[in-house]
Amino acid sequence: MSRDNPVDRLAALGGLILDLRLNALQAAVRARQESLDRLAGLAVAMPDVDLSPVAAHRAEVRYQAWADARRTEINLALARQTARMLEDRDAARQAFGRAQALRALRDRKA
């Protein structure tokens, strides 16, 4: 196979595009997982401390209010990240199909 063959160059380019799309998908999956981990980290129980019942309850209520605000922020980010991940997954699927078609064409020409 000669590198001057346009089909060879297209097949190589299709492979590069597939790699780029897969890298973007992996980054989106990692970002989404980080948000899921942060969300799960907010579900920790209050440790037992030497406080009066009233002070302990106040601390719990304040923590829950703070955690609820963080959950709201994380859920918004998670929605954006999930949409991005789905878009990147579709782009990777399309790039995979194109790369496979170009490889098949290249192999048939060889």
Item to check | Extreme residue, modelled with the lowest pLDDT, among residues of the range 32-67 that are among the small types (G, A, S) and within 27 Å of the chain's Cα centre (by Cα) | outcome: A43
Item to check | Lone qualifier among A40, A56, A69 - being surrounded by 12 or more Cβ atoms within 10 Å (Cβ to Cβ) and assigned to a helix (DSSP H, G or I) | outcome: A56
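Taking the condition over 30 Å from N5 (Cα atoms), among the aliphatic types (A, V, I, L, M), in a helix (DSSP H, G or I) and in contact (Cβ under 8 Å) with a residue 12 or more places away in the chain, does A91 pass? Even if it seems obvious, please write down each step before you answer.
Working: over 30 Å from N5 (Cα atoms): no; among the aliphatic types (A, V, I, L, M): yes; in a helix (DSSP H, G or I): yes; in contact (Cβ under 8 Å) with a residue 12 or more places away in the chain: yes.
For A91, the condition - over 30 Å from N5 (Cα atoms), among the aliphatic types (A, V, I, L, M), in a helix (DSSP H, G or I) and in contact (Cβ under 8 Å) with a residue 12 or more places away in the chain - is not met.
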Checklist outcome for this item: Apart from one, (1) surrounded by 12 or more Cβ atoms within 10 Å (Cβ to Cβ); (2) without any contact (Cβ under 8 Å) to a residue 60 or more places away in the chain; (3) farther than 26 Å from A43 by Cα all hold for L102; the odd one out is (2)
Next on the checklist: Which residue is surrounded by the most Cβ atoms within 10 Å (Cβ to Cβ), if the candidates are limited to the range 26-36 and must be without any contact (Cβ under 8 Å) to a residue 40 or more places away in the chain and within 11 Å of L78 (Cα to Cα)?
Outcome noted: E34
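The values are calculated or read from the model by the stated rules, or taken from the named source; none is laboratory data. What you see is a predicted model, and the numbers here were worked out from it, not measured in a lab. Don't worry about glycine lacking a Cβ; one is built from the backbone with ideal geometry, like all the others, and counts go over all protein chains shown.
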